[in-house]
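The values are calculated or read from the model by the stated rules, or taken from the named source; none is laboratory data. Computed from a predicted structure; not experimentally measured. Quick reminder, even Gly has a Cβ in these numbers, built from the backbone with ideal geometry, and neighbours come from all protein chains shown. These accessible areas exclude ligands, DNA and RNA; they are computed on the full protein's heavy atoms, side chains included. Shrake-Rupley method; radii C 1.70, N 1.55, O 1.52, S 1.80 Å.
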Amino acid sequence: MKVIKRDNSVCDFDRSKIAVAIRKANEAVDPEDRATEEQIENIVDDIASRHRLRLLVEDIQDMVEEKLMELQKYQLMKAYMLYRYERALIRKANTTDESILSLIKNSNKDVMEENSNKNARTASTQRDLIAGEVSKDLTKRILLPKHISKAHEEGAIHFHDADYFLQPIFNCCLINIKDMLENGTVMNGKMIESPKSFQTACTITTQIIASVASSQYGGQSVNIAHLGKYLRRTKEKYVQQCNETFGNTLDDETKKRFVDMRVQESLKAGVQTIQYQINTLMTTNGQSPFVTLFLYVDEKDEYIEENAMIIEEILKQRYQGIKNEKGVYVTPAFPKLIYVLDENNCLKGGKYDYLTKLAVKCSSKRLYPDYISAKKMREYYEGNVFSPMGCRSFLSPWKDENGNYKFEGRFNQGVVSINLPQCGILAKGNEAKFWEILEERLQLCYEALMCRHNALMGVTSDVSPVHWQYGAIARLQPGEKIDKYLLDGYSTISLGYIGLYEVTKLVKGCSHTSPEGTEFAVKIMNALREHCEKWKKETGLGFGLYGTPAESLCYRFARIDKERFGTIEDVTDKGYYTNSYHVDVRENIDAFSKFTFESQFQKISSGGAISYVEIPNMRHNLTAIEDVVRFIYDNIQYAEFNTKSDYCHVCGFDGEIIINDDNEWECPVCHNKDQRKMNVTRRTCGYLGENFWNVGKTKEIKSRVLHL
């Protein structure tokens, strides 16, 4: 039996520690109130006989108190509780020493691997992680109610981003970049005026992105359509300069070619500024800014032609990649790209199909962009098309006092996720019991979400001027409270969920892709959505159901449940739970069927959802990708592609590793043949660790999680 200590470390069950604690309490009471050695041993035997794989240390102490009460040793029970309280006070003095020191020594793997975008070995990043450990400790011991902390520790729910909860900052947002560029902004006490050219607009945009990222903990999105205006200004400036310089000495065609050449130079330089600035800047969070660029060729946009040019250049530069320290072109982690499919570019003869073909080519090599169907999004969001915040979290439609829809300048207050499979495990196949447990767990989620909301209430604009005073979210005065932006659905607050597939297997005995399983899974999803709507009605807050992208949480929940409940076939035996509503990766299902099936859950999960399919050999299969893209437009709101991605640790090449004439793996750039220095990663299960070579199969690289 394993015991989970208060610092989340695991140790073997030690019966002597229980006996020692009771004997110390014995010393504090009169002889007639003491427990005999036989009674002490019986108490310890009773706890040891529980045969649970995993016990929290608090659970053990609760069991001791219950047994003392049964023995009617009330004075001894009080003394034991006092002893327990005194020990808690000692622990409260400082409980983060071990986790922080292990972080500095690069041995705290849980923290170091939690965010793949952070290099936990650098001093600047470690500062952020150290602060995060302090925040998590205070959140667990002081800031959250005890029963919420316990539910989190037991894996019933997950209180996301506890490493930032100590600070009055929020999750993710859509930057109001239009306001900040047109009306100017302020950073570090310095005025930034409205730009006069495209290159300057790109530079200011990256400065805003870095500043915003340093004062929130989640992703942000920028609609690049707001840059089209400044590309036109640049063109107009070059036309004027050309006319003033050459007058009538050049014909109109030559002037046009000259202007177009200069515009292309500025376009390329501006986009390159965005790409390189984002990838070389380091925010106070210890990583590059987590930012998504929203690429939408909107027919209602007066700068549609300029924005089509910008999108084309962004895709070209992403396809090329960015050089690493060895001078090899690799795929940058940021910015994420989201490309919108509409009637004019859905590969059905539209004017901008050429952009989509370029996007497909880019996806085949760099995995991005992801794709949004404007058609399906309008169906789900009252006719609107807008970007998710950072990556997958969506806002709900909201109208200002003039009745106009508003999305940019809004944000998410935070996320709490529910462990659906654990509800199924506890129900033991009893569906009625499952619904009772689900109701109890959703109440816990609600209370935890309200903790997130209440922590932001009363905060003033001074905590992040770039957000609250200078336009990213609002234009408040110094000292003014942000409360009105937390209320009336202006910002969202999200209920996440993990393991719809596994909970269906547990309660119904079948996959959620089977007819009976689908009916049950849809019923669960509707129940989650209905609770969000009920909470929204009761509080006026913007609760939303969110298909969270927290792949690491899939492993955490599964690990906790396996320790507590043992190995359960097709549930805890895999080492992970299936993310949100997704089809389990081991099911034999084609891309079109997968998207068709999962689209029904995206509609319910309006606070955020994404689906993905894996297409083998994408670089040589563009026709297949184009077919899927056409299908996405008509059938599913938000989707991405996954594929094999090879990586050479010698030179950094992340292209396609070849098999040479000697039937050996070989890097085509540096010709490295050492299998230990090459990796194949997959985004199928979300595993972010190191892959390994299969024993006896020297040509096969395997994922530790799914054994792909």
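What part of the accessible area of the stretch 118-200, given as a whole %, is carbon or sulfur when the probe is 1.4 angstrom? Write down the numbers at each step before the final one.
Numbers: 1940 of 3610 Å².
Result for the stretch 118-200: 54 percent of the exposed heavy-atom area is carbon or sulfur.
Using r as the Cβ-Cβ distance of A48 and E244, and R0 as 60 Å, what FRET efficiency do you calculate, to the nearest 0.05?
0.10
With r defined as the distance between the Cβ atoms of C670 and R257 and R0 fixed at 51 Å, what FRET efficiency is calculated, to the nearest 0.05? Can you show the working numbers first?
Details: r = 42 Å, r/R0 = 0.82.
So, using R0 = 51 Å, E works out to roughly 0.75.
On a full-extension model of 0.36 nm per residue, what is the gain between K484 and T596, subtracting their alpha-carbon distance, rounded to one decimal in nm?
Roughly 36.4 nm would be gained on extension.
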When only Cα pairs under 8 Å and 6 or more residues apart are kept, what is the percent relative contact order across the stretch 129-218? 27 percent
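Kindly identify the stretch 329-404 as rounded, prolate or oblate by the Cα gyration tensor criterion: order the square roots of the eigenvalues as a ≥ b ≥ c, call it rounded if a/c is under 1.5, otherwise compare a/b with b/c, prolate if a/b is larger, else oblate. Each step should come with its number before you reach the end.
Numbers: a/c = 3.08, a/b = 1.46, b/c = 2.11.
Taking the square roots of the gyration eigenvalues as a ≥ b ≥ c, the stretch 329-404 is oblate.
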I need the calculated FRET efficiency for the pair K428 and E533, taking r as the beta carbon distance and R₀ as 45 Å, to the nearest 0.05. 0.90
Please sort 499-506, 520-527 by packing, taking for each peptide the average over its residues of neighbouring beta carbons within 10 angstrom, highest first. 499-506, 520-527
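So how much slack lies between D570 and Y74, counting 0.36 nm per residue of separation and subtracting their Cα-Cα distance, in nm?
Working: separation 496, 0.36 × 496 = 178.56 nm, distance 4.65 nm.
Additional length available on full extension: 173.9 nm.
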Please state the Cα pair-distance histogram of the stretch 38-84 with 5 angstrom bins from zero: what percent is in each bin? 5, 21, 31, 26, 13, 5, 0
Just the number, please: carbon plus sulfur as a percent of the accessible area of the stretch 216-323, 1.4 Å probe, no ligands or DNA/RNA counted. 48 percent
Full-stretch length increase - E37, K351 - with 0.36 nm per residue and alpha-carbon distance subtracted: 104.4 nm
Shape call for the stretch 533-608 from the C-alpha gyration tensor, a ≥ b ≥ c root eigenvalues: rounded (a/c under 1.5), prolate (a/b greater than b/c) or oblate? oblate
Label-point separation (nm) for E302 and V10, each offset 7 Å from Cα along Cα-to-Cβ? 6.2 nm
Taking the solvent-accessible surface of protein heavy atoms with a 1.4 Å probe, what is the per residue accessible area of the stretch 127-185 in Å²? 36 Å²
Which aspartates and glutamates have a Cα lying under 12 Å from the Cα of K255, excluding residues fewer than 8 positions away in the same chain? E244
Rounded accessible area per residue of the stretch 502-547, 1.4 Å, Å²: 40 Å²
Check cross-link reach from K523 to the lysines: straight Cα distance under 17 Å, and skip same-chain residues fewer than eight apart. K433, K505, K508, K534, K603
Where a ≥ b ≥ c are root eigenvalues of the Cα gyration tensor, a/c under 1.5 meaning rounded, otherwise prolate if a/b exceeds b/c and oblate otherwise, the stretch 310-460 counts as prolate
Under 15 Å Cα-Cα from K406, which aspartates and glutamates qualify once same-chain neighbours fewer than 8 residues away are excluded? D179, E382, D488
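Using a probe of 1.4 angstrom, how much of the accessible area of the stretch 462-503 is carbon and sulfur, in percent?
Values: 630 of 1280 Å².
With neighbouring chains kept in place, the figure for the stretch 462-503 is 49 percent.
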Computed on Cα atoms, Rg of the stretch 251-366 relative to 2.2 N^0.38 Å comes out at 1.19
Along the three principal axes, how long is the stretch 464-503 when you take its alpha carbons, biggest first, rounded to the nearest angstrom? 49, 20, 13
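Measuring with a 1.4 Å probe in the full set of protein chains, what accessible area per residue, in whole Å², belongs to the stretch 411-485?
On the way: 2680 Å² over 75 residues.
Normalised by residue count, the accessible surface of the stretch 411-485 is 36 Å².
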